[in-house]
Structures are given as C-alpha cells and as structure tokens.
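Engineer: Once you've had a glance at the structure underneath, I'll fire off some questions.
The values are calculated or read from the model by the stated rules, or taken from the named source; none is laboratory data. Only a predicted model underlies this, so the values are computations on that prediction, with no experimental measurement involved. Note: ideal-geometry Cβ built from the backbone for every residue, glycine included; neighbour counts use all protein chains shown. Ligands, DNA and RNA are excluded from the accessible area calculation, which covers all protein heavy atoms including side chains. Shrake-Rupley method; radii C 1.70, N 1.55, O 1.52, S 1.80 Å.
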Amino acid sequence: MNFELTARQKELADLGRRFCDEVLLPLEQVADEHGELPMDRRDGVKDQVRAWGLAGINHRKEHGGLGLSMLDQTLIEEQLGRVTNGLWSCVWRPPVSLKFGTAQQIKDYLLPSCAGHRRGCFAITEADAGSDPRQVKTRAVLKNGKWHLAGEKWFVTSYNASDFIIVHAHVDDDPDKPTLFLVDKPADNLVHLRSPKFMHNFAFDHAELRFEDVILPEDRMLGRIGQGFELTKDWFVEARLQIASHALGAAIRAAELANGYATTRHQFNRPIRDFQGVEFMLADMAVEIFATKSMLYRVAWEIDNGLDRKLVHAHASALKLHSSEMAGRVIDKALQVLGGRGYMRENPVERLYRDIRVDRIWEGTSEIQRVIVAGQIRKRGLGVFSGWS
Ligand SMILES: Cc1cc2nc3c(=O)[nH]c(=O)nc-3n(C[C@H](O)[C@H](O)[C@H](O)COP(=O)(O)OP(=O)(O)OC[C@H]3O[C@@H](n4cnc5c(N)ncnc54)[C@H](O)[C@@H]3O)c2cc1C
C-alpha cells in the first residue's frame with residue numbers, strides 16, 4: 001500500500017493553494033458585501049484561471065481539459081474549498097454529461113466550455129421535484145422536427161454566468177423518458193423569474209426560470225431519449241467528490257484559523273489553548289479532518305483505479321454524507337474557539353459557517369445519501385463499507 005503523493009500531485013496541490021490565496025481570497029470580502037462576485041471582477045478572474053493553467057480541470061485532454069486523474073483534481077479542489085462565497089466556482093468545471101454529446105455538441109459546447117469561452121448551468125430541480133426528480137413536470141415534445149420545452153426550474157446555480165443551460169425534462173410527459181436538452185441563452189420564451197437570496201453569498205446566482213414553449217432544433221438533445229439519469233450519474237459522483245473536497249478544505253482553513261488564534265489569544269493570563277476545553281476542540285477538529293482526508297483520497301483513488309461503478313457510487317455517497325456533516329461540526333467548533341470574533345462577518349470562519357450548510361442539501365441531501373448507503377448495505381452487505389478490496 002503506497003499512500004505517497006507523486007511530485008506532480010504535490011505541485012498540483014500547491015498550485016491550487018497559491019491560486020486560492022493569491023487570486024480568490026482577496027475577492028472574498030467584496031463578494032460578500034456585494035452578495036456575489038461583482039460583474040467588473042469576473043473577466044479578470046477568468047483570465048487568471050487560464051493564466052494559472054486551471055482551465056478545464058475535470059475533462060480529458062481530447063475534450064480540451066487538463067487530463068487530470070480524480071485524485072489530481074481532488075488535490076486542487078481541496079485547496080479551492082478554503083475560499084468562501086463559493087468563489088471556487090470561478091474555476092469552471094464543464095458538466096460531465098457534455099462528454100456524451102455528438103461530435104458537433106462536443107465542438108460547440110464542451111471544447112469552448114473547457115477553454116472558458118462558454119459556460120453551462122444545470123437545471124433539474126423544480127418546485128415539486130427535489131430529492132425525487134421523477135416528479136419533474138418540465139416536458140419536451142417533438143413537433144415537426146423541433147423540440148418544444150415547457151416548465152419551470154428552481155435553484156439553477158450560475159445562471160447569470162452561463163450562456164447555455166442543460167435542462168432535464170420528460171419527453172412526452174413520461175417520467176420513464178428523462179432526457180437532457182441544451183438551451184442556448186438568450187432564448188425566445190425563456191423567462192428569468194428571479195434570483196432569490198440564500199443563506200450563503202455565492203459567486204453567481206441561483207435562478208428560477210420558466211420555459212414557455214422554448215423551441216429547440218432536434219439536435220439539441222444530449223444523449224438519447226430516456227438517458228437523462230444515466231448521463232448525470234457520472235456528474236453526481238464527480239460533484240459529490242467536489243463537495244467533499246471543498247468541505248475538507250473549508251474545515252482545514254477554519255481549523256488553522258482556530259489553532260492560530262488559540263495560541264495568540266490570552267485570557268486569564270494564558271493562551272486559551274492551555275485550557276483543556278479549548279484544546280480538546282482542536283483535537284476533535286484535527287481527528288475529523290484526518291479521517292475525512294483519508295476517506296476522500298481513497299475514493300478518488302478507487303475511481304482512478306477502475307473500481308466497480310456501483311461501488312464507487314456507494315462510496316461517493318458515504319463520503320459526501322460524512323464530509324459535509326464533518327465540515328459543519330469542525331467549523332462550528334472553530335467559530336466557538338474564536339469567540340465573538342468568529343461571529344463577525346469579516347471573519348472567514350463566519351462565512352465558512354454559512355457557506356458549508358448547503359453541502360448537506362445540494363447534490364442529494366444527507367438523508368438521500370443515507371438512503372443510498374442503507375440500500376447498498378441491504379443489497380450487497382455491510383462489506384461494501386466495512387471491507388477493503
Ligand atoms: C444553493 C442551492 C443551489 C442549488 N443548485 C442547483 C442546480 O444548479 N441545479 C439543480 O437542478 N438543483 C440545484 N439545487 C437543488 C438541490 O439539489 C435540492 O435542493 C436538493 O436536491 C433537495 O431538494 P429539495 O430542496 O426540493 O428538498 P426536498 O426533496 O423537498 O426535501 C425536503 C426534506 O425532506 C427530506 N427527504 C426527501 N426525501 C426523503 C427520503 N426519501 N428519505 C428521507 N428524507 C427525505 C430531505 O432530506 C429534506 O430534509 C440547489 C439547491 C440549493 C439550496
């Protein structure tokens with residue numbers, strides 16, 4: 001068993017850390033005060049992503065990406081996770097489902113997305129379809145060689161930074177025909193209803209959209225009719241690893257800040273870390289981080305080494321559940337160590353506290369991850385998680 005990172009992997013982690021520190025961290029305050037990344041800062045960050053060689057981190061070289069392994073990506077993502085306000089999303093990750101497109105779709109959507117010239121957002125969720133996407137009401141009907149799309153989508157992240165939307169709809173209103181469609185912006189009859197505020201401030205918006213008979217050429221279907229879930233399954237695995245990496249990075253940053261503060265802050269004539277009540281919090285944080293990091297790198301390694309896809313799904317769910325809940329516990333403790341300062345908006349730990357909450361909700365809630373983990377135990381036995389193969 002070799003747990004050592006290669007020299008190249010150490011370089012990638014270092015690259016991610018320096019990019020985060022030098023490019024993203026200076027934008028945190030302005031993004032928080034403005035509610036999102038101001039428009040006049042967006043092009044500058046894009047240029048930096050390209051200049052630092054971080055364009056297309058999640059795709060193969062032939063698709064315009066960097067050709068990184070999952071562990072390589074994880075090492076970068078972990079460092080990006082240290083930043084608040086969702087600024088990690090300035091480093092674009094074109095939707096994985098695009099790689100299943102036709103040669104023309106890859107040319108028109110994936111290649112320019114990897115280069116940062118285009119950006120896509122993903123619209124599955126609706127008012128009555130969250131954890132259960134079979135309840136989706138958005139429908140697509142083919143009439144005279146054109147797709148007609150009608151329905152409403154919620155929580156579409158990065159809509160205002162995107163120039164196309166991947167829409168999950170039911171062909172002919174049939175939940176057995178979930179299918180993906182590429183909708184270019186602007187489109188006739190596509191209405192931006194609103195972009196509500198959320199607990200976190202994020203780099204970009206989370207929009208609500210209405211498709212009022214949006215008409216698309218026949219070749220804007222991505223994959224085949226009924227393949228909607230199949231094409232997004234890979235995306236879910238990747239997104240869950242990203243969430244785990246970001247949660248880990250966020251927890252490490254909070255723990256570092258708490259650890260530093262515990263040394264310099266004096267009360268009752270001694271550093272507060274001398275009080276066991278404080279030092280035990282630091283110890284608990286360190287152990288949680290240690291366990292999560294081991295789990296995350298293991299799952300990334302399993303993906304890179306071709307572990308059975310079903311097992312990878314099971315492990316990615318367990319990882320997403322554990323890491324998102326771990327980050328909540330660690331950051332809560334870090335805030336406690338910082339006392340009143342930790343509760344100030346200008347303190348990164350306060351922002352991390354707000355930011356990290358959504359990781360227990362998006363890309364499958366904690367309860368849905370438990371449903372997946374429990375289902376795997378029932379189907380395949382506890383060994384899926386307790387074994388080592
Ligand atoms: C900031 C943000 C950004 C988002 N970005 C996107 C995006 O870009 N694109 C997109 O399509 N969606 C996006 N989402 C939507 C997100 O994926 C959903 O919010 C999530 O899947 C949960 O759905 P829901 O909010 O409708 O909750 P519900 O499904 O209504 O769940 C409500 C509660 O019931 C629980 N529950 C539901 N079913 C079960 C069950 N079987 N067993 C146990 N408990 C259950 C849930 O765990 C939760 O606690 C985003 C959400 C947020 C908050």
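Engineer: Only one of these is surrounded by 14 or more Cβ atoms within 10 Å (Cβ to Cβ) and part of a strand (DSSP E or B): ALA187, ALA140. Name it. Before you say what the answer is, go through the steps one by one.
Structural biologist: Numbers: ALA187 fails: part of a strand (DSSP E or B).
Within the list ALA187, ALA140, the selection yields ALA140.
Engineer: Take ARG270 and decide whether it is over 30 Å from GLY151 (Cβ atoms), surrounded by 22 or more Cβ atoms within 10 Å (Cβ to Cβ) and of a type in the set (Lys, Arg).
Structural biologist: Working: over 30 Å from GLY151 (Cβ atoms): yes; surrounded by 22 or more Cβ atoms within 10 Å (Cβ to Cβ): no; of a type in the set (Lys, Arg): yes.
So ARG270 fails the test.
Engineer: Also, quick follow-up: Checking PHE155 against (1) of a type in the set (Phe, Trp, Tyr); (2) more than 10 Å from the ligand (Cβ to nearest atom); (3) under 25 Å from the mean Cα position of the chain (by Cα): exactly one of these is not met. Which one?
Structural biologist: That leaves (2) as the condition not met.
Engineer: Any idea which residue in segment 192-216 is farthest from PRO95 (Cα to Cα), counting only those that are open to solvent by less than 50 Å² (accessible area, probe 1.4 Å) and more than 14 Å from the ligand (Cβ to nearest atom)? Steps first, answer last, please.
Structural biologist: Kept after step one, since they are open to solvent by less than 50 Å² (accessible area, probe 1.4 Å), are these residues of segment 192-216: 195-196, 200-209, 211, 214, 216.
Next, from what is left, pick out any that are more than 14 Å from the ligand (Cβ to nearest atom): 214, 216.
On the way: VAL214: 22, LEU216: 20 Å.
Residue satisfying both the conditions and the ranking: VAL214.
Engineer: Restricting attention to segment 323-349, report how many residues are more than 16 Å from the ligand (Cβ to nearest atom), open to solvent by less than 20 Å² (accessible area, probe 1.4 Å) and within 20 Å of the chain's Cα centre (by Cα). First the steps, then the outcome.
Structural biologist: Keep residues of segment 323-349 that are more than 16 Å from the ligand (Cβ to nearest atom), which gives 323, 326, 329-349.
Among the residues that remain, those that are also open to solvent by less than 20 Å² (accessible area, probe 1.4 Å) are: 323, 326, 330-331, 334, 337-338, 342, 349.
Still in the running and within 20 Å of the chain's Cα centre (by Cα): 323, 326, 330-331, 349.
The qualifying residues number 5.
Engineer: Name the residue, out of TRP88, TRP92, that is within 16 Å of the ligand (Cβ to nearest atom) and touching an Asp or Glu at 6+ places or on another chain (Cβ under 9 Å). Full working, then the answer.
Structural biologist: Details: TRP92 fails: touching an Asp or Glu at 6+ places or on another chain (Cβ under 9 Å).
When all the criteria are applied, what remains is TRP88.
Engineer: List every residue pair whose Cβ atoms sit under 6 Å apart, with the two residues 6 or more apart in sequence or on different chains, where the first one lies in segment 20-39 and is under 17 Å from ALA250 (Cβ atoms) and the second, anywhere, is part of a helix (DSSP H, G or I) and open to solvent by 10 Å² or more (accessible area, probe 1.4 Å).
Structural biologist: CYS20/GLN79
Engineer: Within segment 1-55, restricting attention to residues that are small (Gly, Ala, Ser) and not in a helix (DSSP H, G or I), which residue is farthest from GLY65 (Cα to Cα)?
Structural biologist: Pass one, segment 1-55, residues small (Gly, Ala, Ser): 7, 13, 16, 31, 35, 44, 51, 53, 55.
Okay, now just the ones that are also not in a helix (DSSP H, G or I), so 35, 53, 55.
Details: GLY35: 30, GLY53: 10, ALA55: 7 Å.
For segment 1-55, the residue satisfying everything is GLY35.
Engineer: Of all residues in segment 361-389, count the ones that are open to solvent by 80 Å² or more (accessible area, probe 1.4 Å) and under 20 Å from TRP154 (Cβ atoms). I'd like the intermediate steps shown before the answer.
Structural biologist: So the first thing to find is which residues in segment 361-389 are open to solvent by 80 Å² or more (accessible area, probe 1.4 Å), and the list is 361, 367, 370-371, 378-380, 382, 386, 388-389.
With the extra rule that they be under 20 Å from TRP154 (Cβ atoms), the set shrinks to 361, 367.
Going through segment 361-389 one residue at a time, the tally reaches 2.
Engineer: Shifting gears a bit: Going through ASP176, ASP163, ASP172 one at a time, which residue ends up being surrounded by fewer than 17 Cβ atoms within 10 Å (Cβ to Cβ), acidic (Asp, Glu) and on the phi > 0 side of the Ramachandran plot?
Structural biologist: Working: ASP176 fails: on the phi > 0 side of the Ramachandran plot; ASP163 fails: on the phi > 0 side of the Ramachandran plot.
Of ASP176, ASP163, ASP172, the one residue that is surrounded by fewer than 17 Cβ atoms within 10 Å (Cβ to Cβ), acidic (Asp, Glu) and on the phi > 0 side of the Ramachandran plot is ASP172.
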